[in-house]
Every structure is written in structure tokens, then in C-alpha cells.
Amino acid sequence: MRFEIVTLFPELFDGLRTGLLGKAQEAGVIDIQAITPREFTSDRHRTVDDAPYGGGSGMVLMPGPIVETLDHLDEARGGKPTHRLLLTPQGARFSQAHARRFSELDSLTLVCGRYEGFDERIRGLVDEEVSLGDFVLLGGEAAALAVIEATARLLPGVLGNEESAADESHADGLLEYPQYTRPEEFRGERVPDILRSGNHAAIARWRRKESLRRTLERRPDLLETAALTDEDHKLLDEIRAER
Ligand code: ADE
């Protein structure tokens, strides 16, 4: 899968060359290209922004260099389609469902807003707007990094173990169960006996129950949309009776 990032700060994405995403690039599973609209300006100062019409503080990203960049990317892709995302606090809140949907694409183009804003006509150039959450960043870059990481790790061959993406928090609409490793006892806290019992059915039931308990305690809103079985409802009744 191809990730294209339109940003004034392509060097912010250099970090993607390390770790699992670096390996995935070396293996050709993903390709990440960060490109700056400054390359597509014609004036001496490589201007990408200007003062807002109507006055006010701050500078606004101009649409021209962004269009030129998107056109260049289209050409480099050989005209193959992409899905264009704008990262902005006004977008829909990014979720695992977005990551799942994006991981089905051949190409995702992420356009990062920057400074105090961008010309409204840039909105017309993208397919979708996404926000990382209800807070304001300096620009869309950190949000783009999060979208790339959440999406890429769902692609076959990026995580070592295919199962790890299936089991974790949010994969099935619930938070993940607690995990333990050695030592068996740490500062007086013991690993639950059942995890050392070797009884795989009992362990699976315990994990499902703890996953439900965590979700009920921390994110009860998720239970409203999670796909719950009859057995899950029984476990939830047990948990409520225990409280
Ligand atoms: N740009 C600035 N703030 C942002 C946010 N919360 N999400 C996505 N892009 C942003």
C-alpha cells in the first residue's frame, strides 16, 4: 500500500523508517512518500501561504501549491486512484473503523493542514476529513502519523504475528484483557492462577470476561456498539453481580 503525505515538514516523517514500518517499507509491503508543496511554487520565496481575506492574525495555506502537489502525485502514481484525506480538527473523529477501511486501499493521500488554517477551497480537493480528537495540534502531521501507523499495522506482513491485530483493544469493539509475563510474582502481585493452568478453554473464557469487565469499567459507551453474544451477556451479568 502506498501512503503519500502532503506536508510543509516532510522530515517529520523520517521516523517512519525505523521499527516495523521501516521493515515493511524495506519488504515492499508499504511505500511512504512525504512531499512538500514548496516544491511546486514558482516564486523566489517558495510561498505557500498568505494573509487571510477579511483580515485577522496568522497565515492561510494557499490552494495552488496543494493542487500542484496532488497533480504531481497523481502523475507519479500513473493515474491510478487514491483516497485523499485532509487532517483537520473539523474532521470526523478517527477510529479503528477508519483504519480498517483505509487498509483496503491501494493508495492513501494525507494532506496536512498547517499554521492558522488553510484556504477553504482545499476542502474541495479531498474525499474525506479526519480529526485525531477534540484538541488542536500545530498541524495535521502528528495526526497523519497516527493514521498511517494504525492503517499500516493492519496490512498482512506488517505485524510479525497475524493474530496480534485480531486480539487487541478495539479490534472487536472491546478493550483488550490484561496481559502478564514473568515474573510470576512482582512486588506482591501474582499472575492470576488460571493463566498458568494450561486449561485453554478456561483461559479464553477468563480473557473474554476481563475484556468485557475492562470495557464496562472504562468505556461503557463501547458496549453499545460491540457485537456481543449470549455468552457475553451472561459474563456481563456475572461481572455486575460481582461488583
Ligand atoms: N490539525 C490540527 N489539529 C488536528 C487534529 N486534532 N486532528 C487532525 N488534524 C489536526
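The values are calculated or read from the model by the stated rules, or taken from the named source; none is laboratory data. Since the model is a prediction, treat every value here as computed from it, not as a measurement. Note that we place each Cβ from the backbone using ideal geometry, even for glycine, and neighbour counts take in every protein chain shown.
Key figures for this structure:
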item: Number of the exception - Leu175 against (1) surrounded by 11 or more Cβ atoms within 10 Å (Cβ to Cβ); (2) in a helix (DSSP H, G or I); result: (2)
item: Where a residue in region 178-199 is aromatic (Phe, Trp, Tyr) and its partner, wherever it lies, is outside any strand (DSSP E or B), with Cβ under 7 Å and at least six apart; result: Tyr180/Val191; Tyr180/Leu195
item: All positions within region 45-55 that are in contact (Cβ under 8 Å) with a residue 24 or more places away in the chain and either outside any loop (DSSP other than H, G, I, E, B) or surrounded by fewer than 16 Cβ atoms within 10 Å (Cβ to Cβ) (or both); result: Asp49, Pro52
item: Sole exception among (1) within 15 Å of the ligand (Cβ to nearest atom); (2) basic (Lys, Arg); (3) more than 14 Å from the chain's Cα centre (by Cα) for Arg93, by number; result: (3)
item: Helices (runs of 4 or more DSSP H) lying entirely in region 192-243 (those with 3 or more residues that are at pLDDT 95 or above and either over 27 Å from the mean Cα position of the chain (by Cα) or basic (Lys, Arg) (or both)); result: 200-218, 230-242
item: Failed criterion for Val29 (all others in (1) surrounded by 14 or more Cβ atoms within 10 Å (Cβ to Cβ); (2) outside any loop (DSSP other than H, G, I, E, B) hold); result: (2)
item: Subset of region 96-126 that is free of Cβ contacts under 8 Å to residues at least 24 places away in the same chain and either assigned to a loop (DSSP other than H, G, I, E, B) or closer than 25 Å to Asp74 by Cα (or both) - its residue that is nearest to the ligand (Cβ to nearest atom); result: Glu120
item: Leading residue by the ranking (farthest from Ser103 (Cα to Cα)) among those in region 127-155 that are part of a loop (DSSP other than H, G, I, E, B) and touching a residue at least 60 places away in the same chain (Cβ under 8 Å); result: Gly140
item: Per-region count, region 129-156, residues more than 10 Å from the ligand (Cβ to nearest atom) and surrounded by 14 or more Cβ atoms within 10 Å (Cβ to Cβ); result: 9
item: Any hit, region 23-39, residues being modelled with pLDDT under 95 and assigned by TED's automatic domain parsing to the domain that holds Ile66; result: no
item: From Leu16, Leu12, Leu21, Leu73, residue being touching a Lys or Arg at 6+ places or on another chain (Cβ under 9 Å), among the hydrophobic types (A, V, I, L, M, F, W, C) and part of a helix (DSSP H, G or I); result: Leu21
item: Check on Glu11, among the acidic types (Asp, Glu), surrounded by fewer than 19 Cβ atoms within 10 Å (Cβ to Cβ), closer than 26 Å to Gly133 by Cβ and within 16 Å of the ligand (Cβ to nearest atom); result: no
item: Subset of region 79-90 [of a type outside the set (A, V, I, L, M, F, W, C) and within 15 Å of the ligand (Cβ to nearest atom)]; result: Arg84, Thr88, Pro89, Gln90
